[in-house]
Each structure stands twice: as structure tokens, then as C-alpha cells.
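Take a look at the structure set out below.
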Amino acid sequence: MHRLTRRALSGTVAGSAAVLLLVSCTGAPSAPATPAAPPAPAARQQDGTGLPLVAGQWGDGRRKTPPRRLAWERPADGAERASASPLKVSVTAASAPSYVSFMLHSRIDEAGIPDEDTRRQKILACGAGITEPGCRITENEDRSYTIETVGAPPAGHPYRVLYVQWAPDRPGAEETWASWQLPTGWATRPRSTTR
């Protein structure tokens, strides 16, 4: 995080120098710039499809409250509760996540809200202090972070939510976090080709 902070500070210094150069050439007075509100973190699937933000809080009072209803795709005929490959998501944010969890649920209620009973929920987490991580975070060159499970997710937990949390960037800063709804983990069985 220190390296990212230094990079942001270097960009601010370069931007200030450009404004001073422009003012000295034009003679126009400069007004102090108001810092822009931080953008909401974004998450995408491997194919680039954006994931729906379920809830979050990302600074300057910006937040999204959890919905009262969630829509999940229903399995097609011939689908089963299985997924043979790891879950992999790309998250774009100002800094590296400090904690991540893939929350995998076996059931939802009539409003589509996942059942969080710990006897039926699986959590694959990674971050500082987690000794047996169920996922990993990799920084990419474009300031995004790839988050993926270590191995395939357990079968029978098709309703999936990704939760990401960031460490505060200054004393007294509000908690920064976001959660996204992942596609339902139903896999379609291959059709028989026998006649």
C-alpha cells in the first residue's frame, strides 16, 4: 500500500507542476482543486463482464445499502450444482485489498437473500493473518487485482458473493468494503450424442 500511496503522491506533484506552468504562461489565477470523490470499486469476470455491486462503502460517505431482494439465474434443464474450475475475478480499486472472501451459499430465501447459517455456508478467504487461505490476491500492471479461489469451489453452493475489504488509508477513515454478486454456480451437463 505504501508504494501505491507514493505513486499517487508523485502524480499529484506532477499535476501541480503542470497547473503552475499553465498559470505562469496565461497569467490566470489558480483556484484550489477540490479532490474528486473516490470511485466505487468495480469487479469483472474473466470474460470482462461487470459484476453487480450488492453493497459497499468506499469513502466520503459513498455507499450502497444491501438490497431487499436479489435475483439469481435459475438452472436450465439438465443443470447440476457443480463447478470444476476455480472462481476468478478482477477487481479495480485504488489499493490492494486487505481481506477477501468468497461466500458460498447452498440456499436462498424467497427474496433471493443467501442463507448465512454457518452449517450450510462455505467461506474461502484470504488476507493478512489468514493461515489457511482459500483464495489468493494478485496485483496486475493496470492497478487491478485478480482474486481467485485455491482450487474449485465446493459443490452444492451455487449462490456466490464476493466480499472485499480495504485497510483504512488514514486515521479515522471509514471502513472501505464492497460485495458483488457472482453468477450462479450451476454447470450444464453435456447432452448425450448417442442415438
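The values are calculated or read from the model by the stated rules, or taken from the named source; none is laboratory data. Please read all numbers here as calculations on a predicted model, not as lab measurements. Cβ sites come from the backbone with ideal geometry, for glycine too, and all protein chains shown count toward neighbours. Just the protein is used for accessible areas: all its heavy atoms, side chains included, with ligands, DNA and RNA removed. Shrake-Rupley method; radii C 1.70, N 1.55, O 1.52, S 1.80 Å.
Taking residues in segment 122-136 that are under 26 Å from residue 107 (Cβ atoms), and partners anywhere that are polar (S, T, N, Q) and surrounded by 15 or more Cβ atoms within 10 Å (Cβ to Cβ), the pairs with Cβ atoms closer than 6 Å and at least 6 places apart or on different chains are 123/101; 124/149; 125/101; 135/149.
Would you pick out the residues in segment 130-147 that are open to solvent by 80 Å² or more (accessible area, probe 1.4 Å) and assigned to a loop (DSSP other than H, G, I, E, B)? Hits for segment 130-147 are 131, 132, 141, 142, 143.
One line per residue, one yes/no per condition, for (1) without any contact (Cβ under 8 Å) to a residue 60 or more places away in the chain; (2) under 22 Å from residue 66 (Cβ atoms); (3) surrounded by 14 or more Cβ atoms within 10 Å (Cβ to Cβ):
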{"residue": "93", "(1), (2), (3)": "no, yes, yes"}
{"residue": "96", "(1), (2), (3)": "no, no, yes"}
{"residue": "106", "(1), (2), (3)": "yes, yes, yes"}
{"residue": "149", "(1), (2), (3)": "no, no, yes"}
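Selection of segment 175-195 for residues being part of a loop (DSSP other than H, G, I, E, B), modelled with pLDDT under 80 and of a type outside the set (Gly, Ala, Ser) yields 186, 189, 190, 191, 193, 194, 195.
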